[in-house]
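Reading through the structure tokens given below for one structure.
The values are calculated or read from the model by the stated rules, or taken from the named source; none is laboratory data. Everything numeric here is computed off the predicted structure, so don't read it as measured data. For neighbour counting, all protein chains shown are included, and Cβ atoms are generated from backbone atoms with ideal geometry for every residue, glycine included.
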Amino acid sequence: MNKTKRKIFETSMKLFAQKGYDATSIEEITATVGVAKGTLYYHFSSKEEIFNFLVEEGMKLLQNSIDIKISKLDNTIDKLRAVILIQIKIIAKYEDFMTIVLSQIWGHEPRNIMCKDKVIEYIKTIEELVKEGIKKGEIIDGDPEIIASGIFGLTCSSLVYKMKIKEEIDIPKLYKEFDNSILKGLVKK
């Protein structure tokens, strides 16, 4: 991604997270980036295309990070630990991205449906790990959809926690708490 496209991408992400998609205009994006409309339209045909690109790239980053990490692990609980840690790190580092995706999963507009589909697709990755763990006898019997959705939801609650404490997240501390509260309950004894 060239420098101008990256700047449009990053500025749009910040504005969408702060103001919402509907309240952010192309004019505001171009003014903030400091480029002409023509330059923006050279890289993206519309605000919707910027949004779609942002969601696609962010979810790819999350999924690729997880795929790389879990491919090196055998134990399902270790894989789920990796998922939780990566998700906390992504939330901490890319708060604007996560704010956008989570705020847009409600509704029936095409961008809402896309965000909802991406989140469900991602949760299915966690669900497959849970199924694998149940099958291998490493995880207690339970509903993989509920467990996977719970893992995703609890780690996303890091955003709420960050708003509450009004400072950066202590990733190791948060990870340890999630490990104690989520994963210890899943381990089959």
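General observations
- In region 120-144, the residues that are closer than 15 Å to residue 182 by Cα and assigned to a helix (DSSP H, G or I): 126, 127, 129, 130, 133, 144
- Within region 86-99, the set of residues being hydrophobic (A, V, I, L, M, F, W, C) and either in contact with a Ser or Thr (Cβ under 8 Å, 6 or more places away or on another chain) or at pLDDT 95 or above (or both) comprises 86, 88, 90, 91, 92.
- Which listed residue is within 18 Å of residue 73 (Cβ to Cβ) and in contact with a helix residue (DSSP H, G or I) (Cβ under 9 Å, 6 or more places away or on another chain), from 169, 182, 140: 182
- Subset tally (residues that are over 18 Å from residue 109 (Cβ atoms) and surrounded by 14 or more Cβ atoms within 10 Å (Cβ to Cβ)) for region 16-40: 8
- Residue in region 164-182 that is surrounded by the fewest Cβ atoms within 10 Å (Cβ to Cβ), counting only those that are part of a helix (DSSP H, G or I) and of a type in the set (A, V, I, L, M, F, W, C): 165
- Only residues that are farther than 24 Å from residue 98 by Cβ, of a type outside the set (Gly, Ala, Ser), at pLDDT 90 or above and out of contact with any strand residue (DSSP E or B) (no Cβ under 8 Å at 6 or more places or on another chain) were counted across region 134-186, and they come to 5.
- The listed residues are 171, 182, and the only one of them that is in the same structural domain as residue 60 (by TED's automatic domain parsing) and in contact with a Gly (Cβ under 9 Å, 6 or more places away or on another chain) turns out to be 182.
- Any chance residue 61 is of a type in the set (A, V, I, L, M, F, W, C), in a helix (DSSP H, G or I), surrounded by 12 or more Cβ atoms within 10 Å (Cβ to Cβ) and modelled with pLDDT under 95: yes
- For region 69-81, a tally of residues being without any contact (Cβ under 8 Å) to a residue 60 or more places away in the chain and either buried (at least 18 other Cβ atoms within 10 Å of the Cβ) or under 16 Å from residue 57 (Cα atoms) (or both) returns 2.
- Region 91-110: number of residues that are buried (at least 20 other Cβ atoms within 10 Å of the Cβ) and assigned to a helix (DSSP H, G or I): 5
- Scanning region 133-189 for residues that are of a type in the set (Lys, Arg), free of Cβ contacts under 8 Å to residues at least 24 places away in the same chain and within 26 Å of residue 94 (Cα to Cα) returns 164, 166, 173, 176.
- Failed item, numbered, when residue 189 is tested on (1) within 23 Å of residue 61 (Cα to Cα); (2) modelled with pLDDT under 95; (3) charged (D, E, K, R): (1)
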